[in-house]
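**Student:** I have a structure here, written as C-alpha cells, and I will follow up with some questions on it.
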Amino acid sequence: MLSTEELVDRLIDLSFAEDIGDGDHTTLCCIPADAMGRSRLIIKEDGILAGVEVAKEVFRRFDPEMQVEVIMPDGTPVKKGDIAMIVSGRVRSLLQTERLMLNIMQRMSGIATMTARYVKRLEGTGTRVLDTRKTTPGMRMLEKQAVKIGGGCNHRIGLFDMILLKDNHVDFAGGIINGIDRCHQYLEEKGLNLKIEIEVRNFDELQQVLDHGGVDRIMLDNFSVPDTKKAVDIINHRFETESSGGITFDTIRDYAEQGVDFVSVGALTHSVKGLDMSFKAF
C-alpha cells in the first residue's frame, strides 16, 4: 500500500503533467532562463490557512533551489491582506508552480475553514465532527489533512482502515447478524485488527445490533433529532454513536445535544468553497 507521502508525490507529478504538458510556452517565450524573482502569497478572505507544507513540497519537487519563507503555518487563522509566505527563485519556476500551489492551498484552506466553523458550532457538547469518503478523486489525503487542520476528525481514510457495514452491505449479506458475523470471520482469517461500525436505519435494526453485539460503533442513519435522543438513551454508552445523513450546519448542534459521540458531514469536502488568495510578484 502506498504511503501518504507517495500518494501526494503522485498527485503533484500528475498535476504538473496535466498543466504543463510539453512546456509552459507562455513563460518560456518571454522569461529568460536566468531571471530571478520573488512572489508572495496574499490572503484575500478570512479563514483558516491549510496546505502550506504541501505547497513547500510542490516548490521543492519542481525546483529544489526555490526558497520558501513561511510567515503563517498551517492552522493559522488568517484575514484579508495577510501575507502567508514569500517564495524566491527562478521566475520561470515561480510562474509554473503558481497555479498548482494555489489550487491545493485554496482547496485545503476552504476545507479547514469550513471544518473550523462546524467544530465551533459544537463547542461544549463533546461531540466530534467527522469527514467522509466524499472527496475529490486523487486529493483525499490532502482534503482529510485539511479537515484535521480545521479541528475535525478523520472518519476513515479509505475502504482499508476500518469496516463500515452500510445499508447495501447489510442487505447483500442477508441482514445485520450475517453481516457482523462475516466481518469477524474475515478479520480472523486475514489476521486483521480493524474497528467495525454498522449503519442502522431504524429501531428494529438497532435492537438487532444491541442483542448481537460485535461492533465498535453504531451509525444512526437519517434519524430525526428526537429519535436520535431515544437511540442514544437505548444504547447507553455500550457502543460509540454517530449521526449521519442530511445533517446541516443549522441542525448539527441539535444532533450533538442528544449525546452522540460523532456527527459525520460530507459537506466538509464535497461542496466546499476555496479560500481566496493570490500569488503576486513584488
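The numbers here are math on the coordinates, done by the rules we state, and not lab data. Just so it is clear, the model here is predicted, and its values are computed rather than measured. When we count neighbours, we look across all protein chains shown, and the Cβ atoms used for this are built from the backbone with ideal geometry, even at glycine.
**Student:** Fully extended, how many nm does the chain gain between R61 and E240 (0.36 nm per residue separation, minus their Cα-Cα distance)?
**Tutor:** 60.2 nm
**Student:** Report the FRET efficiency, 1/(1 + (r/R0)^6), for D254 and R133, where r is their Cβ-Cβ distance and R0 is 22 Å, rounded to 0.05. Display every interim value, and only then the final one.
**Tutor:** Values: r = 25 Å, r/R0 = 1.12.
The pair D254/R133 has a calculated efficiency of 0.35.
**Student:** Going by amide H atoms built from the backbone, whose H comes under 5 Å of the H on D46, apart from near neighbours?
**Tutor:** K80
**Student:** Quote the convex hull volume per residue of the chain, based on C-alpha atoms, as a whole number of Å³.
**Tutor:** 140 Å³
**Student:** Given charges of +1 on the Cβ of Lys and Arg and -1 on the Cβ of Asp and Glu, with all other atoms neutral, how large is the dipole of the chain about its Cα centre, in debye to the nearest 20?
**Tutor:** Charge dipole, the chain, about its Cα centre: 880 debye, nearest 20.
**Student:** Now for a different question. Can you give the net charge of the other residues whose Cβ lies under 14 Å from the Cβ of I149, counting K and R as +1 and D and E as -1?
**Tutor:** With Lys, Arg at +1 and Asp, Glu at -1, the neighbours total 0.
**Student:** Let me ask you something else. Pull out the extension gain between S88 and F16, defined as 0.36 nm times the separation in residues minus the alpha carbon to alpha carbon distance; nm, one decimal. Present the calculation step by step, with values, prior to reporting the outcome.
**Tutor:** Values: separation 72, 0.36 × 72 = 25.92 nm, distance 1.96 nm.
Length difference between fully extended and current span is 24.0 nm.
**Student:** Which aspartates and glutamates does K195 reach when only Cα atoms under 12 Å apart count, and residues fewer than 8 places away in its own chain are ignored?
**Tutor:** Qualifying aspartates and glutamates at Cα under 12 Å: D161, D216, E240.
**Student:** Quick one: Karplus J couplings for region 23-36, per residue in order, coefficients 6.51, -1.76, 1.60, θ = phi - 60°, nearest Hz, x for Gly and Pro?
**Tutor:** x, 7, 5, 4, 5, 4, 7, 10, 10, x, 4, 9, 5, 10
**Student:** Here's a follow-up. A173 to K190: extension gain in nm, 0.36 nm per residue of separation minus the Cα-Cα distance?
**Tutor:** Net length gain for the segment: 4.2 nm.
**Student:** A further question follows. My understanding is that a pair violates if its Cα-Cα distance is over 18 Å; which of K120/K148; K120/K166; K56/K80; K44/K273; K44/K144 do that in this structure?
**Tutor:** Where the Cα-Cα span goes over 18 Å, the pairs concerned are K120/K166; K56/K80; K44/K144.
**Student:** Give me the distance between the Cα centres of region 21-65 and region 163-193, rounded to whole Å.
**Tutor:** 47 Å
**Student:** Taking R0 as 22 Å, what's the FRET efficiency between E69 and S278 from their Cβ-Cβ distance, rounded to 0.05?
**Tutor:** 0.80
**Student:** Of the listed peptides 217-225, 108-116, 249-257, 42-50, what is their order by residue-averaged count of other C-beta atoms within 10 Å, with the highest listed first?
**Tutor:** In descending order of packing, they fall as 108-116, 42-50, 217-225, 249-257.
**Student:** Which one of G174, I157, A116 is farthest out on the positive end of the charge dipole of region 116-184, using unit charges on Cβ (Lys, Arg +1; Asp, Glu -1) and the Cα centre as origin?
**Tutor:** It is A116.
**Student:** F203: net charge of surrounding residues, Cβ under 10 Å, Lys/Arg +1, Asp/Glu -1, itself excluded?
**Tutor:** -1
**Student:** Considering only the other residues whose Cβ falls under 9 Å of the Cβ of L268, what net charge follows from Lys and Arg at +1 and Asp and Glu at -1?
**Tutor:** In short, -1.
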